[in-house]
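What follows is one structure encoded as C-alpha coordinates, with my remarks underneath.
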Amino acid sequence: MPPTERESHRIVIAGASSLLGAELKSLLEESKFAGWDFRLLDEEDAAGTLTEAGGEATVIQPVEEGSFEKARFIFFTGSSDFALANFEAAQRSGAVIIDLSGHSINAVNTFVWYPGIAAHRGRSFPEQPHLTAIPSAAAEAVVRLSLALREFDLKHMAVTVLQPVSASGKAGIEELETQTSQLLSFQPPGKQVFDAQVAFNSLDRFGPARQAASQGARCNLRNEISGCLRSEGVLPAVELIHVPVFYGVAFSACVKLSLGADEERISDACKQSGFTVLDEWGVGPSNMSAAGETIIQLSKPHKDFLQPESWWFWGAADNIRLPAWNAVRLAEKLTP
(Lines give C-alpha, C1' and ligand atoms only; values in the text may rest on other atoms or scores of the structure.)
Protein backbone atom coordinates (compact mmCIF):
# COMPACT_ATOMS: atom_id res chain seq x y z
CA MET A 1 0.00 0.00 0.00
CA PRO A 2 1.43 3.39 -0.90
CA PRO A 3 2.17 5.56 2.13
CA THR A 4 -0.23 8.32 3.02
CA GLU A 5 0.95 11.89 2.73
CA ARG A 6 1.58 12.03 6.49
CA GLU A 7 3.59 8.78 6.46
CA SER A 8 5.67 9.94 3.51
CA HIS A 9 6.58 13.01 5.56
CA ARG A 10 7.78 11.10 8.61
CA ILE A 11 10.89 12.03 10.57
CA VAL A 12 12.39 9.64 13.11
CA ILE A 13 14.64 11.00 15.85
CA ALA A 14 16.51 8.08 17.40
CA GLY A 15 17.95 9.37 20.65
CA ALA A 16 15.13 11.84 21.22
CA SER A 17 15.65 12.19 24.98
CA SER A 18 19.24 13.44 24.58
CA LEU A 19 20.08 17.14 24.68
CA LEU A 20 20.97 16.97 20.99
CA GLY A 21 17.74 15.15 20.15
CA ALA A 22 15.62 17.71 21.99
CA GLU A 23 17.43 20.62 20.28
CA LEU A 24 17.05 18.98 16.88
CA LYS A 25 13.32 18.46 17.39
CA SER A 26 12.89 22.10 18.41
CA LEU A 27 14.72 23.35 15.30
CA LEU A 28 12.81 20.99 13.00
CA GLU A 29 9.54 22.34 14.38
CA GLU A 30 10.65 25.85 13.44
CA SER A 31 11.66 24.82 9.92
CA LYS A 32 9.91 23.70 6.73
CA PHE A 33 9.34 20.34 8.46
CA ALA A 34 7.02 21.83 11.09
CA GLY A 35 3.96 19.97 9.79
CA TRP A 36 5.67 16.62 9.37
CA ASP A 37 5.07 13.47 11.41
CA PHE A 38 7.66 13.11 14.19
CA ARG A 39 8.43 9.71 15.67
CA LEU A 40 10.58 9.88 18.82
CA LEU A 41 12.64 6.84 19.77
CA ASP A 42 15.28 6.07 22.36
CA GLU A 43 16.85 3.41 24.55
CA GLU A 44 14.73 1.34 26.94
CA ASP A 45 15.56 3.41 30.02
CA ALA A 46 14.30 6.59 28.29
CA ALA A 47 11.21 5.00 26.72
CA GLY A 48 7.96 6.21 28.21
CA THR A 49 9.21 9.76 28.76
CA LEU A 50 6.41 12.25 28.18
CA THR A 51 7.36 15.06 25.83
CA GLU A 52 5.85 17.19 23.07
CA ALA A 53 6.04 17.15 19.29
CA GLY A 54 4.21 19.38 16.85
CA GLY A 55 2.38 21.08 19.72
CA GLU A 56 0.91 17.80 20.97
CA ALA A 57 1.83 15.54 23.88
CA THR A 58 3.69 12.41 22.87
CA VAL A 59 5.69 9.62 24.48
CA ILE A 60 9.22 8.56 23.53
CA GLN A 61 9.05 4.96 22.32
CA PRO A 62 11.60 2.13 22.42
CA VAL A 63 12.94 0.84 19.10
CA GLU A 64 10.79 -2.03 17.90
CA GLU A 65 10.26 -3.89 14.66
CA GLY A 66 8.85 -1.41 12.17
CA SER A 67 9.94 1.69 14.10
CA PHE A 68 11.78 3.07 11.05
CA GLU A 69 9.25 2.11 8.38
CA LYS A 70 8.05 4.78 5.95
CA ALA A 71 10.45 7.38 7.32
CA ARG A 72 11.83 10.06 5.01
CA PHE A 73 14.65 11.03 7.38
CA ILE A 74 16.17 9.20 10.33
CA PHE A 75 18.35 11.24 12.69
CA PHE A 76 20.60 9.45 15.18
CA THR A 77 21.25 11.79 18.11
CA GLY A 78 22.04 9.39 20.95
CA SER A 79 25.14 7.39 21.79
CA SER A 80 27.23 5.70 19.13
CA ASP A 81 26.39 2.34 20.75
CA PHE A 82 22.67 3.04 20.36
CA ALA A 83 23.23 3.97 16.72
CA LEU A 84 25.26 0.80 16.13
CA ALA A 85 22.50 -1.38 17.58
CA ASN A 86 19.85 0.12 15.29
CA PHE A 87 21.73 1.13 12.16
CA GLU A 88 20.94 -1.99 10.15
CA ALA A 89 17.20 -1.64 10.74
CA ALA A 90 17.35 2.04 9.81
CA GLN A 91 19.18 1.27 6.58
CA ARG A 92 16.61 -1.37 5.62
CA SER A 93 13.90 1.29 5.76
CA GLY A 94 15.39 3.12 2.75
CA ALA A 95 15.24 6.48 4.55
CA VAL A 96 17.96 9.09 4.39
CA ILE A 97 20.06 8.64 7.54
CA ILE A 98 21.62 11.72 9.14
CA ASP A 99 23.94 10.53 11.87
CA LEU A 100 24.99 12.93 14.64
CA SER A 101 26.23 10.19 16.98
CA GLY A 102 29.68 9.80 15.43
CA HIS A 103 29.06 6.10 14.76
CA SER A 104 29.25 6.12 10.95
CA ILE A 105 31.54 9.07 10.24
CA ASN A 106 34.48 6.89 9.20
CA ALA A 107 32.44 4.45 7.09
CA VAL A 108 33.44 4.29 3.42
CA ASN A 109 29.90 4.98 2.17
CA THR A 110 29.26 7.90 4.52
CA PHE A 111 29.16 11.46 3.22
CA VAL A 112 30.23 13.97 5.87
CA TRP A 113 28.47 17.31 5.75
CA TYR A 114 28.57 20.75 7.27
CA PRO A 115 27.87 24.04 5.44
CA GLY A 116 30.63 24.69 2.91
CA ILE A 117 32.41 21.35 3.19
CA ALA A 118 32.10 20.60 -0.55
CA ALA A 119 34.00 23.79 -1.42
CA HIS A 120 36.57 23.23 1.32
CA ARG A 121 37.33 19.69 0.17
CA GLY A 122 36.95 20.39 -3.55
CA ARG A 123 34.31 17.68 -3.93
CA SER A 124 30.68 17.78 -4.95
CA PHE A 125 28.06 16.49 -2.54
CA PRO A 126 25.60 13.90 -3.96
CA GLU A 127 22.05 15.08 -4.54
CA GLN A 128 20.45 12.19 -2.64
CA PRO A 129 22.92 10.45 -0.31
CA HIS A 130 21.52 7.59 1.75
CA LEU A 131 23.96 7.98 4.64
CA THR A 132 25.38 11.26 5.92
CA ALA A 133 27.19 12.24 9.10
CA ILE A 134 27.20 15.58 10.90
CA PRO A 135 30.38 16.18 12.95
CA SER A 136 30.34 17.56 16.47
CA ALA A 137 31.01 21.27 16.93
CA ALA A 138 34.56 20.58 18.13
CA ALA A 139 35.36 18.32 15.17
CA GLU A 140 33.90 20.81 12.69
CA ALA A 141 36.00 23.63 14.17
CA VAL A 142 39.24 21.64 13.94
CA VAL A 143 38.51 20.46 10.40
CA ARG A 144 37.59 23.94 9.16
CA LEU A 145 40.81 25.33 10.62
CA SER A 146 42.99 22.60 9.12
CA LEU A 147 41.50 23.09 5.67
CA ALA A 148 41.59 26.91 5.90
CA LEU A 149 45.32 26.92 6.62
CA ARG A 150 46.41 24.68 3.76
CA GLU A 151 47.30 27.71 1.62
CA PHE A 152 49.90 28.73 4.23
CA ASP A 153 51.74 25.42 3.97
CA LEU A 154 50.37 24.07 7.25
CA LYS A 155 53.04 21.77 8.67
CA HIS A 156 51.78 20.86 12.13
CA MET A 157 48.68 21.44 14.22
CA ALA A 158 48.00 20.68 17.90
CA VAL A 159 44.57 21.28 19.43
CA THR A 160 43.25 21.21 22.99
CA VAL A 161 39.47 20.94 23.23
CA LEU A 162 37.70 22.02 26.44
CA GLN A 163 34.62 19.84 26.75
CA PRO A 164 31.59 20.88 28.85
CA VAL A 165 29.59 18.52 31.06
CA SER A 166 26.64 18.68 28.64
CA ALA A 167 28.64 16.26 26.48
CA SER A 168 27.60 13.70 29.11
CA GLY A 169 23.93 14.62 28.74
CA LYS A 170 21.38 15.76 31.29
CA ALA A 171 22.96 13.60 33.98
CA GLY A 172 26.26 15.45 33.55
CA ILE A 173 24.58 18.83 33.90
CA GLU A 174 22.69 17.73 37.01
CA GLU A 175 25.86 16.37 38.62
CA LEU A 176 27.78 19.61 38.07
CA GLU A 177 24.86 21.56 39.58
CA THR A 178 24.72 19.22 42.56
CA GLN A 179 28.48 19.18 43.13
CA THR A 180 28.66 22.98 42.99
CA SER A 181 25.88 23.31 45.56
CA GLN A 182 27.40 20.67 47.83
CA LEU A 183 30.89 22.14 47.76
CA LEU A 184 29.59 25.65 48.48
CA SER A 185 27.80 24.11 51.49
CA PHE A 186 31.03 22.39 52.59
CA GLN A 187 29.62 18.94 51.82
CA PRO A 188 31.43 16.15 49.95
CA PRO A 189 30.37 16.10 46.28
CA GLY A 190 28.42 13.22 44.76
CA LYS A 191 30.28 11.43 41.98
CA GLN A 192 27.72 9.10 40.42
CA VAL A 193 28.22 10.28 36.82
CA PHE A 194 31.91 11.24 36.59
CA ASP A 195 33.37 9.37 39.58
CA ALA A 196 35.36 12.54 40.19
CA GLN A 197 34.92 16.12 41.32
CA VAL A 198 34.19 18.15 38.20
CA ALA A 199 32.94 21.30 39.92
CA PHE A 200 35.70 23.95 40.25
CA ASN A 201 38.05 21.49 38.57
CA SER A 202 39.59 20.62 35.19
CA LEU A 203 40.41 17.01 34.31
CA ASP A 204 42.05 15.06 31.53
CA ARG A 205 40.08 11.99 32.65
CA PHE A 206 37.20 11.06 34.92
CA GLY A 207 37.47 8.83 37.99
CA PRO A 208 38.49 5.15 37.78
CA ALA A 209 34.95 3.90 37.20
CA ARG A 210 34.42 6.37 34.33
CA GLN A 211 37.84 6.51 32.67
CA ALA A 212 36.61 4.41 29.76
CA ALA A 213 33.99 7.08 29.04
CA SER A 214 36.51 9.93 29.01
CA GLN A 215 38.93 7.95 26.86
CA GLY A 216 36.05 7.07 24.54
CA ALA A 217 35.16 10.76 24.15
CA ARG A 218 38.76 11.54 23.20
CA CYS A 219 38.88 8.68 20.67
CA ASN A 220 35.51 9.65 19.20
CA LEU A 221 36.68 13.22 18.61
CA ARG A 222 39.86 12.04 16.91
CA ASN A 223 37.86 9.62 14.76
CA GLU A 224 35.46 12.40 13.74
CA ILE A 225 38.31 14.67 12.67
CA SER A 226 39.97 11.86 10.72
CA GLY A 227 36.68 10.93 9.06
CA CYS A 228 36.05 14.53 7.99
CA LEU A 229 39.53 15.25 6.63
CA ARG A 230 40.18 11.91 4.91
CA SER A 231 43.74 12.81 3.88
CA GLU A 232 42.71 16.24 2.53
CA GLY A 233 44.19 18.29 5.35
CA VAL A 234 46.80 18.00 8.07
CA LEU A 235 45.69 15.64 10.83
CA PRO A 236 46.18 17.44 14.13
CA ALA A 237 47.33 16.15 17.49
CA VAL A 238 44.22 16.39 19.69
CA GLU A 239 43.81 16.50 23.47
CA LEU A 240 40.48 16.64 25.30
CA ILE A 241 40.09 18.32 28.70
CA HIS A 242 36.90 18.14 30.79
CA VAL A 243 36.03 21.54 32.26
CA PRO A 244 33.39 22.67 34.79
CA VAL A 245 31.05 24.49 32.42
CA PHE A 246 27.55 23.48 31.39
CA TYR A 247 27.39 24.30 27.68
CA GLY A 248 29.67 25.39 24.87
CA VAL A 249 32.90 23.89 23.62
CA ALA A 250 36.09 25.97 23.45
CA PHE A 251 39.40 25.11 21.85
CA SER A 252 42.98 26.31 21.60
CA ALA A 253 45.12 25.47 18.58
CA CYS A 254 48.81 25.97 17.84
CA VAL A 255 49.85 25.61 14.20
CA LYS A 256 53.09 25.83 12.27
CA LEU A 257 52.84 27.83 9.04
CA SER A 258 55.17 29.20 6.38
CA LEU A 259 57.13 32.30 7.30
CA GLY A 260 55.18 34.39 4.77
CA ALA A 261 51.90 34.11 6.69
CA ASP A 262 50.51 37.23 8.37
CA GLU A 263 47.61 37.95 10.69
CA GLU A 264 45.26 39.58 8.15
CA ARG A 265 45.72 36.92 5.46
CA ILE A 266 45.20 34.14 8.00
CA SER A 267 42.09 35.87 9.37
CA ASP A 268 40.67 36.30 5.87
CA ALA A 269 41.26 32.60 5.12
CA CYS A 270 39.44 31.66 8.33
CA LYS A 271 36.49 33.89 7.44
CA GLN A 272 36.29 32.29 4.00
CA SER A 273 36.29 28.91 5.71
CA GLY A 274 33.16 29.83 7.67
CA PHE A 275 34.46 31.19 10.97
CA THR A 276 33.32 34.43 12.52
CA VAL A 277 36.56 36.20 13.50
CA LEU A 278 35.93 38.54 16.42
CA ASP A 279 37.54 41.97 16.82
CA GLU A 280 40.77 41.61 18.77
CA TRP A 281 39.89 44.65 20.91
CA GLY A 282 36.52 43.32 22.04
CA VAL A 283 35.57 40.35 24.18
CA GLY A 284 36.93 37.15 22.66
CA PRO A 285 35.09 33.90 21.97
CA SER A 286 33.72 32.07 25.00
CA ASN A 287 31.10 29.57 26.07
CA MET A 288 28.83 32.53 26.81
CA SER A 289 29.33 34.38 23.53
CA ALA A 290 28.79 31.19 21.51
CA ALA A 291 25.56 30.18 23.29
CA GLY A 292 22.70 29.87 20.82
CA GLU A 293 24.91 30.67 17.83
CA THR A 294 25.12 28.54 14.69
CA ILE A 295 28.63 29.59 13.70
CA ILE A 296 32.08 28.98 15.18
CA GLN A 297 33.70 32.03 16.75
CA LEU A 298 37.42 32.62 16.46
CA SER A 299 39.82 35.22 17.82
CA LYS A 300 42.33 36.76 15.46
CA PRO A 301 45.43 34.56 15.38
CA HIS A 302 48.57 35.73 17.11
CA LYS A 303 52.17 34.74 16.51
CA ASP A 304 54.31 32.99 19.07
CA PHE A 305 57.44 35.17 19.22
CA LEU A 306 59.56 32.34 20.61
CA GLN A 307 58.65 30.18 17.61
CA PRO A 308 58.35 32.47 14.53
CA GLU A 309 56.47 29.91 12.40
CA SER A 310 53.94 29.13 15.14
CA TRP A 311 50.51 30.76 15.47
CA TRP A 312 47.89 30.48 18.21
CA PHE A 313 44.11 30.32 17.76
CA TRP A 314 41.27 30.46 20.29
CA GLY A 315 37.65 29.68 19.48
CA ALA A 316 34.28 28.56 20.80
CA ALA A 317 30.99 27.10 19.56
CA ASP A 318 27.64 25.93 20.89
CA ASN A 319 28.15 22.17 21.21
CA ILE A 320 24.41 21.40 21.09
CA ARG A 321 22.88 23.91 18.70
CA LEU A 322 25.55 23.91 15.97
CA PRO A 323 25.34 20.21 14.96
CA ALA A 324 21.55 20.21 15.33
CA TRP A 325 21.30 23.31 13.12
CA ASN A 326 23.58 21.72 10.53
CA ALA A 327 21.44 18.57 10.48
CA VAL A 328 18.28 20.59 9.78
CA ARG A 329 20.03 22.57 7.05
CA LEU A 330 21.13 19.32 5.42
CA ALA A 331 17.63 17.87 5.53
CA GLU A 332 16.28 21.04 3.92
CA LYS A 333 18.97 20.80 1.25
CA LEU A 334 17.88 17.22 0.48
CA THR A 335 14.16 18.06 0.35
CA PRO A 336 12.92 19.47 -2.98
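The values are calculated or read from the model by the stated rules, or taken from the named source; none is laboratory data. It should be emphasised that the depicted structure is a prediction, and the values quoted were computed from it without experimental measurement. Positions of Cβ are backbone-derived with ideal geometry, glycine not excepted, and every protein chain shown enters the neighbour counts. Surface accessibility is based on the protein's heavy atoms, side chains included, excluding ligands, DNA and RNA. Shrake-Rupley method; radii C 1.70, N 1.55, O 1.52, S 1.80 Å.
Solvent-accessible area of Glu43, probe 1.4 Å, all protein chains present, reported in Å² to the nearest ten, please.
Accessible surface of Glu43 is approximately 80 Å².
Where the centre of each part is set by its Cα atoms, how far does region 54-87 sit from region 305-336, in angstrom?
Using only Cα atoms to place each centre, the spacing works out to 26 Å.
Would you rank Met157, Met288 by solvent-accessible area, highest first, keeping every protein chain in place and using a 1.4 Å probe?
Met288, Met157
Taking the Cα of Glu88, stepping 7 Å toward and past its beta carbon, and measuring to each backbone N in region 9-29: which are under 20 Å?
14-15, by backbone N distance to the label point.
As I understand it, the value is the acute angle between the Cα axis of helix 211-229 and the longest principal axis of the Cα atoms of the chain; what does it come to in degrees, rounded to 10?
Around 80 degrees separate the two axes.
Whole number in Å², please: accessible area per residue of the chain, 1.4 Å probe, ligands, DNA and RNA not counted.
Counting only protein heavy atoms, the per-residue value for the chain is 47 Å².
Only loop residues by DSSP count here, and only those with at most 11 other Cβ atoms within 10 Å; note down the chymotrypsin sites (Phe, Trp or Tyr not before Pro) in region 238-336 that meet that. Write out the running numbers ahead of the final one.
Details: sites: Phe246, Tyr247, Phe251, Phe275, Trp281, Phe305, Trp311, Trp312, Phe313, Trp314, Trp325; in loops: Phe246, Tyr247, Trp281, Phe305.
Passing both the DSSP loop test and the Cβ count: Trp281, Phe305.
Taking 28 Å as the cut-off for C-alpha to C-alpha distance, list the pairs among Lys155/Lys333; Lys170/Lys271; Lys25/Lys170; Lys32/Lys70 that go past it.
On the way: Lys155/Lys333 35 Å; Lys170/Lys271 34 Å; Lys25/Lys170 16 Å; Lys32/Lys70 19 Å.
In this structure, Lys155/Lys333; Lys170/Lys271 exceed 28 Å between Cα atoms.
According to a simple spin-label model (label point 7 Å from Cα along Cα-to-Cβ), what is the distance in nm between Gln128 and Asn106?
3.2
Looking at region 52-114, which GluC sites (Glu not before Pro) are in a loop (DSSP not H, G, I, E or B) and have at most 14 other Cβ atoms within 10 Å? Provide the component values of the computation, followed by the final result.
Working: sites: Glu52, Glu56, Glu64, Glu65, Glu69, Glu88; in loops: Glu64, Glu65, Glu69.
Here the GluC sites (Glu not before Pro) that fit, given the DSSP loop and packing criteria, are Glu64, Glu65.
Which GluC sites (Glu not before Pro) does region 152-235 hold that lie in a coil by DSSP with at most 16 other beta carbons within 10 Å?
Numbers: sites: Glu174, Glu175, Glu177, Glu224, Glu232; in loops: Glu232.
Those satisfying the criteria are Glu232.
For the chain, what is the mean residue ellipticity at 222 nm derived from helices alone (per DSSP H run of n ≥ 4: -39500 (n - 2.57); sum divided by total residues; nearest 500 deg cm²/dmol)? The partial results should precede the final answer.
On the way: 9 runs with 103 residues, N = 336.
That calculation yields -9500 deg cm²/dmol at 222 nm.
Once the piece of chain linking Glu56 and Asp204 is laid out straight, how much longer is it, given 0.36 nm per residue of separation minus the C-alpha distance between them?
Between Glu56 and Asp204, full extension yields 49.0 nm more.
Taking the Cα atoms only, what angle lies between the long axis of helix 137-148 and the longest principal axis of the chain, rounded to 10 degrees?
For helix 137-148, the angle is close to 50 degrees.
Using the Karplus curve 6.51 cos²θ - 1.76 cosθ + 1.60 with θ = phi - 60°, work out ³J(HN,Hα) for each residue of region 157-173 in order, rounded to whole Hz, and write x for Gly and Pro.
My calculation for region 157-173 gives 8, 10, 10, 10, 9, 9, 9, x, 6, 5, 5, 9, x, 4, 4, x, 5 Hz in order.
Give, rounded to the nearest 20 debye, the magnitude of the charge dipole that region 26-180 has about its Cα centre when Lys and Arg contribute +1 at Cβ and Asp and Glu contribute -1 at Cβ.
Details: 11 positive and 22 negative charges, 203 e Å.
It works out to roughly 980 debye.
What accessible surface, in Å², does a 1.4 Å probe find on Ser231, ignoring ligands, DNA and RNA and rounding to the nearest 10?
120
Looking at the chain as a GNM with Cα springs under 10 Å, which of Gln128, Gln307, Gln179 has the largest mean-square fluctuation?
Its mean-square fluctuation being the largest, the pick is Gln307.
Got the relative contact order for the chain handy, in percent, Cα pairs under 8 Å and 6 or more residues apart?
Values: 671 pairs, mean separation 59.3, N = 336.
It rounds to 18 percent for the chain.
Classify the chain as rounded, prolate or oblate, taking a ≥ b ≥ c as the square roots of the eigenvalues of its Cα gyration tensor: rounded when a/c is under 1.5, otherwise prolate if a/b is larger than b/c and oblate if not. Intermediate values should be presented prior to the final figure.
Details: a/c = 1.99, a/b = 1.26, b/c = 1.57.
Cα axes put the chain in the oblate bin.
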